[in-house]
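Asks: Sending over a structure as C-alpha cells; questions will come in a sec.
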Amino acid sequence: MKKATIQLETLTCPSCVLKIENATKSLDGVDKESVKVLFNSSKVKLDFDEEKLSVEDISKAVTALGYEVKKSQVK
Amino acid sequence: MQRWILRKKNHITLISAILIAIGFTSALAFKNEAVAVLALVSASILGIAPIAIQAYQALRVKVVSIDVLVTIAVIGAFFIKNFEESAIVTFLFLFGAYLERRTLNKTRSAIKELTEMTPESALKQMENGEFEEVDVDEVDVGDILLVKTGAKIPVDGTVLSGEGSINEASITGESFPVSKEKGSTVFAGTILDNGTIQISADRVGEDTTFGKIIELVEEAQDSKSEAERFIDRFAKYYTPAVLLLGIVVWLFSRNLELAITILVLGCPGALVIGVPVSNVAGIGNGARNGVLLKGSEVIGDFSRLDTMVFDKTGTLTVGNPAVSERVYYGEHIDEALGYLASVERESDHPLAKAVLEEIGGTTFSPVENTEVVKGGGITATVSEHRVAVGNVALMEQENVVLNEQAKADIIRFEKSGNSLVLTSVDGELKILMGIRDQIRPGVKEDLIKLKKLGVKNLVMLSGDNQGTVDVVSRELGLTQAHGNMLPEDKSAYIKKLIEEDQIVAFVGDGVNDSPSLALAHIGIAMGSGSDVAIETSDVVLMNSDFGRLPHALGLAKATARNMKQNIFIAVGVVLFLLAGVFFSEWMNMSIGMLVHEASILVVILNGMRLLRYQLRKNKAMKQS
C-alpha cells in the first residue's frame, strides 16, 4: 500500500467532492476507507495498491471528471 | 473538447450575458421576436454545455449533482419553449459559480498564505563539494545545505558553521529575529534575515515542525463535525429526492413548468457550502494569529466552554522561581552568603538555582560532610562552620533559635506566597529568603477577558503547596485553586468535571500534563512549536503566548456563531422558495436561481467576516 496525495485545481462546489470520492473509490486497488477529498485545500488523499494501479491511473480518473491535477505525490 | 468547454467557462458566461442582453433589447426595444428568440436560444445552448458536461460526468460516477438538476430543468424549459428562462437560469448558474470561486478563494487566503511559506528549493552540497540548487523534495536527512541571507531555511536542522539571525515568525508567530550560531537548531520555513550558514538536515518535508503545522491546519480546515457529516449525508440524498419530487409533480400535475421550477428551487447550494466556509475562514484567522484550532469539532466544543482549568507552573506563572524577598540577621553576612552559595552550588534543587542567581558573584569555599535532610534541606560543613540551609523544620532540628523579628518575617513571607529558605551558621540564623514563581505578565488581564467571553469557572491546579496556590489564585481572581496535586490528581479532577456535564478545557505546557490535555474536551497546549504540544492538543498557542488565549476563545465563538447563521440562511432560503412556489404567483425558475446564487454568496461573504475577526480589547478593558 502506498499513500498518494493529489493536488487539484481549486475546488469550488461541494458536489465535486462527492464526484471525486465516488470516482476514486470505484477504482480497483484503491483502499475505499482511506479516500479523503479535502474541499478547502483541494486535495485528494488515499492509500492504493501499487501493484494494481499507479498514481497516474488515479490522476486520470480525476481528470476525466473535469478537474485538473496539479501535482501528485506518492510515499 | 469537453475540457476545452470547461476551461472556457468564464468566456461562455460572458458571451451568454451579451446574448441575453441582445435578446431582451431586440424583444423589448425593437419588438423583433425572431432575433430575440435566436439570441436566447444560442445563450441557452452555449450556457448549458459546460453544465451538461459536468452533469454527465457526475452521473457516470453515480452522483446526482446540482448540475443534473439544472440541466434537466433547462431542457424542460426548452420543451415548453420558454427560452428566456432557460437562458437566464444557465447564465445565473454559471455566473454564480464564478463569483463563488472568486469569493471562496478569499476565505481560503489566510491558509494559503501559510502554505505558500513552504520552502521549495535548497542549496545542497553535492559529491564534488559544490553547492547546487535542488528541489526541497530531493533533500535527505544528513545532507549538508547552504543558506544565504534572505533565503528560507529548507529543513529542520543544526547549524554546522557560520552565524546569522533568523526570523522565526512562521513557527512561533514572533517576528523577533533570533541569532543562531554553530550548534543552534533551525526550523524549516523560517527566514535567514542576515548572515550565511551551513546546516545539516535533521528532519525533512512533512516531518519538519513547519510541515506538521501545515498538515494540521490543512486537515483542520477540512475536518468535519457531526453536524456537517449529517449535512453531507443529507445532501447526498437530498438532490436525488428533489429530482424525484420534480418527476412526481410532473406525473401528477402534467405541469412541466412547475416541475422544472421545483428542480431549480431545490438546489442545495448554500446549505452544503455554508459550514465549510465558516470553518476555513475561522481556522485561517487563527493560523494568522498564532492560534491553531484543530477542526470544527474543536471549534464547536470550545465555543460552549464552561470551565477552563490551568496548570500553574509554566502556564500562569513564568516557571522560573526567583527570590522575591530577603532579610539578613546579625553580622558577617557576606561570609554567610558565600557559605550559602557554596552549599547551593552542589544542589540540583529548583530553589537552589534561584538562590544562586540572587547572590550572584561571591567567594566559594570547599564544602564537606554534606547531608540531605529529607523534607528539610541540607546541612554541611563549610570552612569549619556548620551551615544549615532549609525550611523552618530544619532550623528547629538544628536547635536554631528564631527571635520574634524572624518569626514575624517568616509569617509575612509565607502569607505572600513564598517558599522559604533559611540559612544558619553555627546554630545562628543569618539569612531568610522568600522564593516565588513570577506570574506571567498580562495574565490577569487575559483572564478577565476570558470571563467576559463567558467562561464560568477559572480553576488552577498545581503541585505546589496550597498556601502558594492561594496567593496566586487571589492575585489573579480565579474561581478555584487546588494545590498539592500530582499529574494523576489533575486528570482525576478533569474527569470529575466532565462527569458533572461541564465542557472543560485544560491549559498546560503539553509535556507533563499530557493525560489532562487528552482527557479534557479541549486540550490547549502552550507549545513553542514542540511536537508533543502540537500532537496531543486540540488548540495550540504558538510561542507559548498566553495572550492569544482570549483571541482563540473569541474566535471559536465567532466561528460557531457564523456557522449557525449560515445554516439558518440556507435553510431559510429553501423554505422561502418552496413557500413561494406553492403560495405565490410570481415565483419562477429565474427568480429561484437568482435567490439561490445570492444566498450562496451571502453565506460566503458572511464567512469572510471571520478573517477580519479581532477581539475588541477596549471593551473588555474598560469594564475591568
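Just so you know, all these numbers are worked out from the coordinates, no wet-lab data involved. As the structure is a computational prediction, the values presented were derived from the model and not from experiment. So basically every Cβ, Gly included, is an ideal-geometry build from the backbone, and we count neighbours across all protein chains shown.
Asks: Mind ordering B:52-63, B:541-552 by average Cβ neighbours within 10 Å, highest first?
Replies: B:541-552, B:52-63
Asks: Cα-Cα over 27 Å: which of A:LYS32/A:LYS71; B:LYS312/B:LYS353; A:LYS70/B:LYS9; A:LYS75/B:LYS8?
Replies: Numbers: A:LYS32/A:LYS71 21 Å; B:LYS312/B:LYS353 19 Å; A:LYS70/B:LYS9 19 Å; A:LYS75/B:LYS8 35 Å.
Those over the limit are A:LYS75/B:LYS8.
Asks: For the protein assembly as shown, what does the equivalent ellipsoid look like in terms of its semi-axes, each the square root of 5 times an eigenvalue of the Cα gyration tensor, given largest first in whole Å?
Replies: Result for the protein assembly as shown: semi-axes of 66, 30, 20 Å.
Asks: Would you mind telling me the antiparallel percentage of the DSSP bridges in chain B, rounded to 5? Mind showing how you got there, number by number?
Replies: Values: 62 of 80 bridges.
The antiparallel fraction comes to roughly 80 percent.
Asks: Next question, about the same structure. With Cβ to Cβ distances under 12 Å as the rule, what net charge do the other residues near B:ILE273 carry (K, R +1; D, E -1)? Walk me through the intermediate numbers first.
Replies: Working: positive: B:ARG101; negative: B:GLU100, B:GLU228, B:ASP232, B:GLU597.
With Lys, Arg at +1 and Asp, Glu at -1, the net is -3.
Asks: Report the convex hull volume per residue for region B:248-331, counting only C-alpha atoms, in Å³.
Replies: On the way: hull volume 12.1 nm³, N = 84.
With only Cα atoms used, region B:248-331 gives 144 Å³ per residue.
Asks: Additional query: Taking N as the number of residues in chain B, what value does Rg over Cα atoms divided by 2.2 N^0.38 Å take?
Replies: 1.35
Asks: Please give the FRET efficiency for A:MET1 paired with B:ALA241, using the beta carbon to beta carbon distance and R0 = 35 Å, rounded to the nearest 0.05.
Replies: Efficiency for this residue pair is about 0.40.
Asks: Separate question: Ranked by Cβ crowding within 10 angstrom, fewest neighbours first, how are A:SER72, A:SER26, B:SER419 ordered?
Replies: Ascending Cβ contact count within 10 Å gives the list A:SER26, A:SER72, B:SER419.
Asks: Which of B:MET117, A:MET1 comes first, and how do the rest follow, when ranked by fewest Cβ neighbours within 10 Å?
Replies: Ascending Cβ contact count within 10 Å gives the list A:MET1, B:MET117.
Asks: Could I ask something else about it? Computed FRET efficiency, Cβ-Cβ of B:VAL35 and B:ARG288, R0 45 Å: what is it to the nearest 0.05?
Replies: 0.25
Asks: Please report, to one decimal in angstroms, the Kirkwood hydrodynamic radius of region B:34-101 built from all distinct Cα-Cα pairs. Please report the intermediate quantities before stating the final value.
Replies: Working: mean 1/r = 0.0825 Å⁻¹.
For region B:34-101, inverting the mean 1/r across all distinct Cα pairs yields 12.1 Å.
Asks: Compute the separation of the alpha-carbon centres of region B:401-447 and region B:175-213 and state it in Å as a whole number.
Replies: Taking the Cα centre of each part, region B:401-447 and region B:175-213 sit 43 Å apart.
Asks: Within region B:1-20, which residues have the backbone N less than 15 Å from the label spot 7 Å out from B:TYR98 along Cα→beta-carbon, could you tell me?
Replies: B:6-20
Asks: Roughly speaking, what is the stretch gain from B:ILE15 to B:ALA322, that is 0.36 nm per residue apart minus the C-alpha to C-alpha distance, in nm to one decimal?
Replies: 103.1 nm
Asks: Quick one: putting +1 on the C-beta of Lys and Arg, -1 on the C-beta of Asp and Glu, what dipole do you get for chain B around its Cα centre, in Debye to the nearest 20?
Replies: Around 4180 debye, computed over chain B.
Asks: At 7 Å along Cα-to-Cβ for each site, give me the label-to-label distance between B:LEU356 and B:GLU138 in nm.
Replies: Here the answer is 5.0 nm between the modelled labels.
Asks: On to the next question. Add -39500 (n - 2.57) for each DSSP H run of 4 or more in chain B, then divide by its residues: what number comes out at 222 nm, to the nearest 500 deg cm²/dmol?
Replies: -17000 deg cm²/dmol
Asks: Assign unit charges at the C-beta atoms only (+1 for Lys and Arg, -1 for Asp and Glu), then state the dipole size of region B:319-438 relative to its Cα centre in Debye, rounded to the nearest 20. Spell out each step's value before the answer.
Replies: On the way: 10 positive and 20 negative charges, 81 e Å.
Value, rounded to 20: 400 debye.
Asks: Taking the simple approach of a point 7 Å from Cα along Cα-to-Cβ for both B:SER165 and B:LYS148, what is their distance in nm?
Replies: With each label placed 7 Å out from Cα toward Cβ, I get 2.2 nm.
Asks: Checking a compactness column here: for region B:319-438, what do you get for Rg(Cα) / (2.2 N^0.38 Å), N being the number of residues?
Replies: 0.96
Asks: Right, here's the next one. Based on the Cβ-Cβ distance from B:GLU116 to A:ASP31, what FRET efficiency comes out when R0 is 45 Å, to the nearest 0.05?
Replies: 0.90
Asks: So if I place +1 on the C-beta of Lys and Arg and -1 on the C-beta of Asp and Glu, and nothing else carries charge, what would the dipole magnitude of the protein assembly as shown be about its Cα centre? I want it in debye, nearest 20.
Replies: So the dipole magnitude of the protein assembly as shown works out to roughly 4260 debye.
Asks: Next question, about the same structure. For region A:2-74, how big is Rg over Rh, using alpha carbon atoms and the Kirkwood form of Rh? Mind showing how you got there, number by number?
Replies: On the way: Rg = 10.8 Å, Rh = 11.8 Å.
Answer for region A:2-74: 0.91.
Asks: Calculate how large, on average over all directions, the projected area of the Cα convex hull of region B:1-44 is; give the answer in nm² to one decimal.
Replies: 2.9
Asks: When Cβ neighbours within 10 Å are restricted to other protein chains, what is their mean count per residue of peptide B:57-69?
Replies: Mean number of neighbouring Cβ atoms from other chains: 5.
Asks: Based on the alpha carbon coordinates of region B:121-214, what radius of gyration and maximum Cα-Cα distance (Dmax) apply, in Å?
Replies: According to the Cα coordinates of region B:121-214, Rg and Dmax are 12.0, 39 Å.
Asks: A further question on this structure: Stretched out fully, how many nm does the piece from B:GLU500 to B:ARG7 gain, at 0.36 nm a residue minus the Cα gap? Don't skip to the answer; put the middle values down first.
Replies: Working: separation 493, 0.36 × 493 = 177.48 nm, distance 5.67 nm.
Extra length from B:GLU500 to B:ARG7 when fully extended: 171.8 nm.
Asks: Given 0.36 nm per residue, what is the gain on full extension from B:SER584 to B:ASP334 after removing their alpha carbon distance, in nm? Write out the running numbers ahead of the final one.
Replies: Numbers: separation 250, 0.36 × 250 = 90.00 nm, distance 9.62 nm.
Once the chain is fully extended between B:SER584 and B:ASP334, it gains 80.4 nm.
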